[in-house]
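Enquirer: This is the structure, below, for whatever I ask next.
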Amino acid sequence: MSTSRRKERDLRIDFFRGLALIFIFIDHVPDNTWASATLRNFGFADASEVFVLLAGYSAGLAYWSMAERGDFRGAFARASRRASEIYVWHIIVFIASAIMLYSAARLFQYPAYVHNIAIGGLATDPWRTLGSAMLLFYQPNQMNILPMYVVLMFWLPVVLVLLRRSVALTLAISFAIWLVANFATVNLPAHHRETGWFFNPFAWQLLFTTGAAASVLVRRMHMPPPQVWVLVLAAAYLIFAFIVAAPWVQYSWLPDGRLLSRELVEPMSKHDLSMWRFLHVLALAYVVAALVPKNAAWLKQSWACVIQTCGKHSLEVFSLGTLLSFFGWIALRELGSNQMMMLAVNVAGIAIMSVTAWQMSRRKQIRVPQRARTEPVLAST
């Protein structure tokens with residue numbers, strides 16, 4: 001594979017990953033009216049599914065060259081380092097969030113800041129709760145995506161081994177694990193949830209693996225061009241999901257005002273990645289990939305570049321967004337939840353995330369030339 005093709009960047013990946021991070025921040029602010037405009041209101045899936053699918057796709061692009069060389073030991077070491085980084089960021093977010101929310105609960109005499117996020121165990125049984133948090137068995141509300149991501153990074157080297165043998169075999173094994181997770185209720189244990197982790201990694205690995213498999217097909221040039229009939233089918237499913245999920249749609253002439261029966265709607269589990277949600281995010285990805293060129297002109301505009309920068313630093317921006325969502329909750333609760341405050345909280349949060357990502361990219365650009373200047377000196381010693 002040529003260097004130019006390897007270095008060519010698909011602008012859509014960073015843009016939609018950055019957009020997913022912004023949506024997650026908005027969705028995580030309790031009672032946020034802006035959340036009515038995010039993805040979760042227009043179908044079965046939400047920004048979490050988009051984030052995990054693109055995480056798998058990006059991981060496949062980043063690690064596949066090592067798999068092609070047969071350097072699976074190096075891939076495992078690199079994935080382990082990344083998992084460690086994610087783990088450290090999760091613990092930092094957990095501790096910082098606990099300090100912020102406990103302080104707010106005490107200052108404003110509002111215990112819900114602690115209890116609604118399920119961190120009350122830190123006061124009643126601090127050592128056991130902290131130990132469980134370190135082992136990832138204790139995951140407060142809105143702090144459960146990164147633990148799943150840690151597990152997925154350890155799963156990645158296995159995916160690479162399987163993908164080198166066969167993409168079809170990889171997807172078949174991944175789907176079999178998903179089936180076991182859903183129908184045998186297999187999950188990792190959680191300190192405060194009887195059913196286990198909120199994001200069941202045995203189920204969500206299917207989405208991550210599918211993203212990685214898609215990236216390998218693209219690298220191998222085995223991905224067929226968009227088919228009209230598949231595009232029409234995917235678009236039809238998106239329309240169907242929108243009609244079913246849109247909160248403002250009411251069907252008074254249907255039983256319970258539902259387009260689908262309760263028996264079909266209730267199993268749309270986010271915890272175990274129901275097939276409804278899985279197919280929705282795949283259909284969305286296919287339509288976007290077919291209709292939006294990877295270097296579309298609008299993706300190079302300044303506003304799109306801001307969102308792409310957030311996507312390039314997804315771990316740090318996600319962690320910051322989690323803290324900002326708690327801060328936004330406190331601000332809306334204590335200062336009022338009128339439209340001006342709602343505007344201020346959302347705009348300020350997105351701006352802080354964007355500026356932070358821009359600063360990180362700027363520092364990275366400064367470090368790269370410095371390393372380039374020192375490499376010849378280091379090589380000669």
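FYI, it's all coordinate maths here, none of it is from the lab. Small disclaimer: the values here were computed from a predicted structure and weren't measured. Because the Cβ atoms are built from the backbone with ideal geometry, glycine has one as well, and the counts that use them run over all protein chains shown.
Enquirer: List the residues whose amide H sits under 5 Å from the amide H of TRP197, counting only those 5 or more places along or on another chain, with H placed 1.01 Å from N in the peptide plane.
Expert: LEU188, ALA190
Enquirer: Which number gives the lysine pairs in the chain that have C-alpha atoms under 16 Å apart and are eight or more places apart or on different chains?
Expert: Within the chain, the lysine pair count is 5.
Enquirer: Sticking with this structure for a sec: Hey, can you rank 167-177, 52-62, 128-138 by average C-beta count inside 10 Å, highest first?
Expert: Order by mean packing, descending: 52-62, 128-138, 167-177.
Enquirer: Moving on. What whole-number distance in Å separates the alpha-carbon centres of region 330-355 and region 155-182?
Expert: The two parts, judged by their Cα centres, are 42 Å apart.
Enquirer: Can I ask one more? If you plug each phi of region 101-116 into the Karplus form 6.51 cos²θ - 1.76 cosθ + 1.60 with θ = phi - 60°, what whole-Hz ³J(HN,Hα) values come out, in order, with x for Gly and Pro?
Expert: 6, 5, 5, 5, 4, 6, 5, 9, 6, 9, x, 4, 4, 8, 6, 5
Enquirer: Tell me the relative contact order for the chain as a rounded percent, counting alpha carbon contacts under 8 Å between residues six or more apart.
Expert: 29 percent
Enquirer: Determine one quarter of the surface area of the Cα convex hull of the chain, which equals its mean projected area, and express it in nm² to one decimal.
Expert: Answer in nm², one decimal: 23.0.
Enquirer: Additional query: Taking only DSSP H segments of four or more residues, each worth -39500 (n - 2.57), what value at 222 nm results for the chain once the sum is divided by all its residues, to the nearest 500 deg cm²/dmol?
Expert: -23500 deg cm²/dmol
Enquirer: If you stretched the chain out fully between GLU68 and GLU85, how much longer would it get, using 0.36 nm times the residue separation minus the C-alpha to C-alpha distance?
Expert: Value of the extension gain: 3.6 nm.
Enquirer: In addition: Amide H neighbours of SER269 under 5 Å, at least 5 residues apart or on other chains, H built in the peptide plane: list them.
Expert: Close amide H contacts, sequence-distant or interchain: SER274.
Enquirer: How do TYR87, TYR63 rank when sorted from fewest to most other Cβ atoms within 10 Å of their own Cβ?
Expert: Ranking TYR87, TYR63 by Cβ neighbours within 10 Å, fewest first, gives TYR87, TYR63.
Enquirer: Something else now. Based on the mean of other Cβ atoms within 10 Å per residue, sort peptides 153-162, 108-117 so the most packed one is first.
Expert: Result, highest mean Cβ count within 10 Å first: 153-162, 108-117.
Enquirer: Another question, then. Which ³J(HN,Hα) values in Hz, rounded to whole numbers, follow from the phi angles of region 95-100 under the Karplus curve 6.51 cos²θ - 1.76 cosθ + 1.60, where θ = phi - 60° and Gly and Pro get x?
Expert: These are the phi-based 3J(HN,Hα) values: 5, 5, 5, 4, 4, 4 Hz.
Enquirer: Pick from ILE145, ILE352, ILE22: which residue has the top mean-square fluctuation in a GNM of the chain where Cα pairs under 10 Å get a spring?
Expert: Maximum fluctuation in the GNM of the chain, among the listed residues, is at ILE352.
Enquirer: So, R0 is 30 Å and r is the distance between the beta-carbons of PHE240 and LYS294; what FRET efficiency does that work out to, to 0.05?
Expert: After rounding to 0.05, the efficiency reads 0.65.
Enquirer: Follow-up question, since we're still on this one. Taking the Cβ of PHE72 as the centre, find all other residues whose Cβ is under 13 Å away and add up their charges (Lys, Arg: +1; Asp, Glu: -1).
Expert: Net of charged neighbours comes to +3.
Enquirer: Starting at the first residue of region 74-89, write each ³J(HN,Hα) from the Karplus equation 6.51 cos²θ - 1.76 cosθ + 1.60 with θ = phi - 60°, in whole Hz, x for Gly and Pro.
Expert: x, 5, 5, 5, 5, 5, 5, 4, 5, 4, 5, 4, 4, 4, 4, 4
Enquirer: Now for a different question. Could you give me D for region 115-197, from Stokes-Einstein at 37 °C and 0.692 mPa s, where the hydrodynamic radius is the Kirkwood radius over C-alpha pairs? Units µm² s⁻¹, please.
Expert: Value of D from the Cα-based Kirkwood radius: 223 µm²/s.
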